[in-house]
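What follows is calculated from the coordinates using simple rules that are stated; it is not laboratory data. On a predicted model such as this, the values are computed, not experimentally measured, just so you know. Cβ: placed from backbone, ideal geometry, glycine included. Neighbour counts: every protein chain shown.
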Amino acid sequence: MTADETQTLNDIQHTTSTYITPATESALYHSLRDHWHPVMYARDLGDDRPAGVTLLDEPVVVARLGGKVAAFRDLCVHRGAALSLGWIENDRLRCAYHGWTYENSGRCVEVPARPDLPIPPGACLNSYKAVESGGLIWVCLGNPTFDVPRFSEFNDPNYRVMHGESYEWNTSAIRRIENFVDMAHFAWVHPNVLGSRDHPEVTDHEVWRDGRYLRFAHTVKEPSNGEIKEQLGIADPIFDVLNEYHLSMPLAIHVRRTFPTGDHYVLFMASSPISQKRSKTFYFIVRDYAPDERFDQSFQDFESLVLSQDKPIVESLRPEEIPMDLTKEMYIRTADAITVEYRRWLLELSKGY
Ligand code: FES
Ligand SMILES: [Fe+2]
């Protein structure tokens, strides 16, 4: 390795809970309030019960009220009960403690203990922006910088779309995303699954910005083992796969994989920041081949295997948040180009926070 192939290395702070988040990382975390994040699969949110979730350390209740998704701080303004313990009646959210009810706007419209008295004017929930899109419930705690990330295959009849099993990891949502787009780890973390140690090189590839997307494409040599690849009918033990990425800044990814047969495999994933050091990731497994439902389990098993290989590595990364001083870690030209561009853009987005 020559000197110009690396950038400066300072000591990586390989400590754990005593790690103090520097101001830049705090600014980055705070800036995430101004983006949409998924909090649950839309199919899991019923019409009769709200759901409690945590986003950016904030307890949030989401509910379908009057045909729309609503999100509020999960705290009744009367005595602070969790509204997620309540239920939905006539398109209104009723608190389980004393029965106060709230309409879609967050305004309290009923105080059952004294229906004859006027409702206090300040009886209004702290509400957040919420929307259902692409099979997910998205919430923004502040003012969204970009639109909700697009997942166009979700309603496309040419594709079979499966909900992946969502998972929580002890790492920041950004570290989770970085791992997903890390080209150099396939051969080492996923040998004979997504990569081959006989071909660990990361070849040159462009990384560019396109509107709100960080884009890149890369051809990898993949082993053809496993049922999901057997369905392609390719005889070669290793074949080229073209992976085309759209990273919706800051935390969602659409990757379209094209096999030599012309068949496609799409993953759409978004990692949601529960806190600075914990994330919940939602994803969809999409294909336009082997459409029979009997193959579904093999696709889920394949993704579960990949995730089980990534998890211990990613949860070991210290600090759990990425260091926003770029000199705190090392970067190799080409192999880490995506990470560098991603971090630079994140830094720009966090300016002013
Ligand atoms: S705490 Fe919600 S109604 Fe009293
Ligand atoms: Fe991985």
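Just the residues that are crowded, with 16+ Cβ neighbours inside 10 Å and not in a helix (DSSP H, G or I), please, taken from the range 335-352.
Answer for the range 335-352, where residues must be crowded, with 16+ Cβ neighbours inside 10 Å and not in a helix (DSSP H, G or I): Ala335, Asp336, Ser350.
Hey, can you tell me all the residues within the range 46-68 that are more than 14 Å from ligand 1 (Cβ to nearest atom), buried (at least 20 other Cβ atoms within 10 Å of the Cβ) and more than 14 Å from Arg107 (Cα to Cα)?
Selection gives Val53, Leu55, Leu56, Val60, Val62, Ala63, Arg64.
A quick yes/no check of all residues on (1) closer than 20 Å to Asp48 by Cβ; (2) surrounded by fewer than 17 Cβ atoms within 10 Å (Cβ to Cβ):
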{"position": "Tyr97", "(1), (2)": "yes, yes"}
{"position": "Gly106", "(1), (2)": "yes, no"}
{"position": "Pro115", "(1), (2)": "no, yes"}
{"position": "Pro118", "(1), (2)": "no, yes"}
{"position": "Trp138", "(1), (2)": "no, no"}
{"position": "Asn143", "(1), (2)": "no, yes"}
{"position": "Arg150", "(1), (2)": "no, yes"}
{"position": "Arg160", "(1), (2)": "no, no"}
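Among the residues of the range 84-137, which ones are aromatic (Phe, Trp, Tyr) and more than 16 Å from ligand 1 (Cβ to nearest atom)?
Within the range 84-137, the subset aromatic (Phe, Trp, Tyr) is 87, 97, 100, 102, 128.
Hit for the range 84-137 is Tyr128, nothing else.
So, restricting to helices (runs of 4 or more DSSP H) that lie completely within the range 145-260, which ones have at least 2 residues that are within 16 Å of ligand 2 (Cβ to nearest atom) and more than 29 Å from Asp44 (Cβ to Cβ)?
Result: 186-189.
In the range 301-325, what residues are surrounded by fewer than 16 Cβ atoms within 10 Å (Cβ to Cβ) and away from ligand 2 (no atom under 16 Å from the Cβ)?
Arg318, Asp325
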